[in-house]
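Taking it in order: structure first as C-alpha cells, then the write-up.
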Amino acid sequence: MSVTLQKTSSTASEDAGPYRVMVVDDSAVIRGFITRYLEEDPAIKVVATAANGLMAVRTLARARPDVVVLDIEMPEMDGLTALPKLLEQDRTVKVVMASTLTRKNAEVSMRSLQLGASDYVPKPESLRAVNASIDFRRELVEKVKVYAAQRRRILGLPQPQAGGHPIPGVTGARGPAKPTARGATVVTARRTPVSQPPVVAARAKSGATLPSGEAAEGGARIVLRRPSPLVPEILAVASSTGGPQALMKLFSGIEKERLKRVPIAVVQHMPATFTAILAQHLERAAGIPAVEGEDGMPFEQGRIHVAPGDYHMVLEKEKGGIVVRLNQDPPENFCRPAADPMFRSVARIYGGKALAVVLTGMGHDGLRGARELVSAGGTLIAQDEETSVVWGMPGAVATAGLCSSVLPLDQMGAKVAKFLGGGR
C-alpha cells in the first residue's frame, strides 16, 4: 500500500496551473505508466497516486485533483466502493474509471457512470499491452483533459495558460451566457465556421427558432433548417465522449409509446464487450427492447439496435425488409463503429422520413453522413454546447447549418417525442 503526494506552492498557483490528477491503481508499474503518459502533456500534472481506494479517499482533500483516474479491482477498497466516498468529499471532482476489457469490468464501469463517475477508459489487460497501447494513451489523456476542463469551467477556475495538445470541442473557462429574447433565428458557436449550403441561409429567413447564446470572439453563427414535414420512420442516434449518460437521459425522456413506433439505431464510440452492456442499460432507460446489432438481424420497430464495438453498423433494404449489416471496413474519423456509415445508410433508405440525433462527443464523426441525411430530406437535432461534455460532434453538425434544433440535453427527449408523434 502506498500513497504519493507531491507538494505545490499555493492554492492560487494550483488553480491557475496544469490540470491536477490523482492516479489510483494497486499496481505500482501501472501507476508509473499512467503518470508518465499524462505528464507527457504539459497541461497535466499528477499531484498524487494511491494503491487502493481507501488511500485515495484519505488523500483527496490534500491533493485537490480536478480528475481521479480510478482502477476498479484493488485490495482493501475497490474502485466502485471508493467512488461514492470520493464524490461525497468533493462533488465537483471528475472520476474516470480504468478497467480491463472483461464483461464483469464493463458491467462495473457502466454501473459506475450511474453512481456519478464521469467516464471510463478501457485498460489493456497486460503490463506489456499498457506500455505499447497508443490508443490507450491517447484516450486517457483526452478524457482527463476533457473532464478537468469541464470541472474548471463549472467552478470558474482558469484553464492552463500554455502547452498541451488542444482537444476539439473543449472550450476554456467562461461566464454564463446572457439571456436573449425568444424567437431568434440564429445562435452563436465557439467554433470555426463550416461552409453552409445556400438553402440553409434561405430557410433561415423564414423563421426557424432557437434561443441564442453569447458569442465568443470569432464565433460562428448557427443557422437552423426547417424540419422535414414527414413523420419519421426511424430514429438514428450518434454519440461519443459523455455519450452513455446522455443516451440514458435522452431515452428516459421519450415516451415509451412513441419509441415503439420506429426502429432505432445507436452508434456510441465504445469497445467490444462494453456495447452489449450499454444495450442492457438503454433497455432499462427506454422501457423497450435494446440489443447489440448482429449481421443480418431484422431492423425491428420498437427496438434499439446498438452498433457493436469494432464493427461499423449500416442498414440495408432487402426483399424481406430492412436488416442490420456489420462490417470491419477501415475506421472512419478514427472510429469503428462510426456514425458516418450509419447515417449514410439511413439517408439512402429513409430520406425525408429519417430523424437523427447527435449527442456529446469528441471530433466530427457524423458530419459527412449528416450532410447526406439532410440532403435527402431528413431531420437532424444536436445537443447544445452548454450541456455537452465535448461539443465536437454536435458542434460540427450545428455550425455546418444541418440542424433543425440545437437543444439542451434535458429538452431533447421531448423534442424527439414530438417529432415521432407527427408534431414539429
Do we have A246 as buried (at least 23 other Cβ atoms within 10 Å of the Cβ), modelled with pLDDT of 95 or more, in a strand (DSSP E or B) and not assigned by TED's automatic domain parsing to the domain that holds K104 here?
no
Can you find a residue in the stretch 266-285 that is farther than 28 Å from K123 by Cβ, crowded, with 24+ Cβ neighbours inside 10 Å, at pLDDT 95 or above and not charged (D, E, K, R)?
no
Cβ contacts < 7 Å: first residue over 14 Å from Y350 (Cβ atoms), restricted to the stretch 312-325; second residue among the basic types (K, R), any location; separation 6+ or different chain. Result?
H312/R336
Where S252 falls short, out of the listed (1) under 25 Å from S405 (Cα atoms); (2) hydroxyl-bearing (S, T, Y); (3) surrounded by 19 or more Cβ atoms within 10 Å (Cβ to Cβ):
(3)
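Taking the stretch 1-41 only, how many residues are part of a strand (DSSP E or B) and at pLDDT below 65?
3
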Would you pick out the residues in the stretch 404-424 that are surrounded by 24 or more Cβ atoms within 10 Å (Cβ to Cβ) and closer than 28 Å to K145 by Cα?
V406, M412
Please give the number of the condition V96 fails out of (1) under 27 Å from G361 (Cα atoms); (2) of a type in the set (A, V, I, L, M); (3) in a loop (DSSP other than H, G, I, E, B).
(3)
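Would you call D310 of a type outside the set (A, V, I, L, M) and out of contact with any Cys (no Cβ under 8 Å at 6 or more places or on another chain)?
yes
The values are calculated or read from the model by the stated rules, or taken from the named source; none is laboratory data. Because the structure is predicted, anything quoted here is derived from the model rather than measured. Neighbour counts run over all protein chains shown; Cβ positions are idealised from the backbone, glycine included.
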